[in-house]
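Asks: Structure provided below as C-alpha cells; questions to follow.
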Amino acid sequence: MVHQAIDILLIEDDPHDVELTLHAFQKQTIVLRVHVIKNGAEALEFFHGTGAYANRDPQLGPKLILLDLKVPMVDGLYVTRQIRASRTHRTTPVVVLSSSSDEPDLIKSYQLGINSYIVKPVDFEAFIDTAQMIVQYWLSLNRAPAA
C-alpha cells in the first residue's frame, strides 16, 4: 500500500533545531514531506507563490505549519498575520515552536490565530518527543475541516 506524503512547512532559521525536528519526524509512521524555510520573507514567497516559489501553486498548502517567531527578515508574527489573512491557509494549523516564553509573544500569537504555542525544550530527548507529539496530534488525532 502506497501512502501519499503529508506536507509540513517548517519555518525555522536555527540549523540545529531544523536537524532535530527532521530527526524526530523520521521516526513517524506517517509519511512526511517537510519543506524547510529559513526566514519570514521566504515563507511569504511560499504562501504567495512568488520569488523562489513562483512555480508553486499557492492554493496547495501544507497540512501543518511549524513556526519559529524569531526568524530573520520578517518575524513569525507577521507571517502568522499573512497566513490567517489568506483564504486558502486560514484554517491550516499553525504551531508556534519558539524559544521565547515571553507572555507578550504568547498573547499576540494567539490573538493572531495560532493553534498552539510550544516553548522549545532544551533537552535533546524532550525536543524529539515534543516534535513527535506535535505531528501525532495535528496529523493523526486532530480533526480538521474539509478544504
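Asks: When only residues in the stretch 46-71 that are part of a loop (DSSP other than H, G, I, E, B) and within 15 Å of Leu10 (Cβ to Cβ) count, which is modelled with the lowest pLDDT?
Replies: The residue in question is Gly61.
Asks: With respect to the numbered conditions (1) in contact (Cβ under 8 Å) with a residue 60 or more places away in the chain; (2) closer than 16 Å to Thr130 by Cβ, which one is the sole condition not fulfilled by Val71?
Replies: (2)
Asks: Name the residues in the stretch 17-41 that are part of a helix (DSSP H, G or I), in contact with a strand residue (DSSP E or B) (Cβ under 9 Å, 6 or more places away or on another chain), of a type outside the set (Phe, Trp, Tyr) and in contact (Cβ under 8 Å) with a residue 60 or more places away in the chain, would you?
Replies: Listed by number, the residues that qualify are Asp17, Thr21.
Asks: What about Ser86, is it of a type in the set (S, T, N, Q), under 26 Å from Ala24 (Cα atoms) and touching a residue at least 12 places away in the same chain (Cβ under 8 Å)?
Replies: Considered against the rule, which asks whether it is of a type in the set (S, T, N, Q), under 26 Å from Ala24 (Cα atoms) and touching a residue at least 12 places away in the same chain (Cβ under 8 Å), Ser86 comes out as no.
Asks: What is the residue count in the stretch 42-58 for residues that are acidic (Asp, Glu), within 13 Å of His89 (Cβ to Cβ) and in contact (Cβ under 8 Å) with a residue 12 or more places away in the chain?
Replies: 0
Asks: For Lys38, which of the numbered conditions (1) surrounded by fewer than 18 Cβ atoms within 10 Å (Cβ to Cβ); (2) within 23 Å of Leu106 (Cα to Cα) fails to hold?
Replies: Answer for Lys38: the failing condition is (1).
Asks: Taking the criterion of being buried (at least 16 other Cβ atoms within 10 Å of the Cβ), over 21 Å from Val122 (Cα atoms) and acidic (Asp, Glu), would at least one residue in the stretch 45-58 satisfy it?
Replies: Checked against the condition, which is being buried (at least 16 other Cβ atoms within 10 Å of the Cβ), over 21 Å from Val122 (Cα atoms) and acidic (Asp, Glu), the stretch 45-58 yields at least one hit.
Asks: If you scan the stretch 80-93, which residues turn out to be touching a helix residue (DSSP H, G or I) at 6+ places or on another chain (Cβ under 6 Å) and either of a type in the set (D, E, K, R) or modelled with pLDDT of 95 or more (or both)?
Replies: Arg90 - this is the single residue of the stretch 80-93 that is touching a helix residue (DSSP H, G or I) at 6+ places or on another chain (Cβ under 6 Å) and either of a type in the set (D, E, K, R) or modelled with pLDDT of 95 or more (or both).
Asks: Please specify each residue of the stretch 100-146 satisfying the condition of being assigned to a loop (DSSP other than H, G, I, E, B), surrounded by fewer than 14 Cβ atoms within 10 Å (Cβ to Cβ) and touching a residue at least 24 places away in the same chain (Cβ under 8 Å).
Replies: Across the stretch 100-146, the qualifying residues are Asn142, Ala144, Pro145.
The values are calculated or read from the model by the stated rules, or taken from the named source; none is laboratory data. As the structure is a computational prediction, the values presented were derived from the model and not from experiment. With ideal geometry, Cβ positions are generated from the backbone for all residues, glycine too; neighbour counts draw on all protein chains shown.
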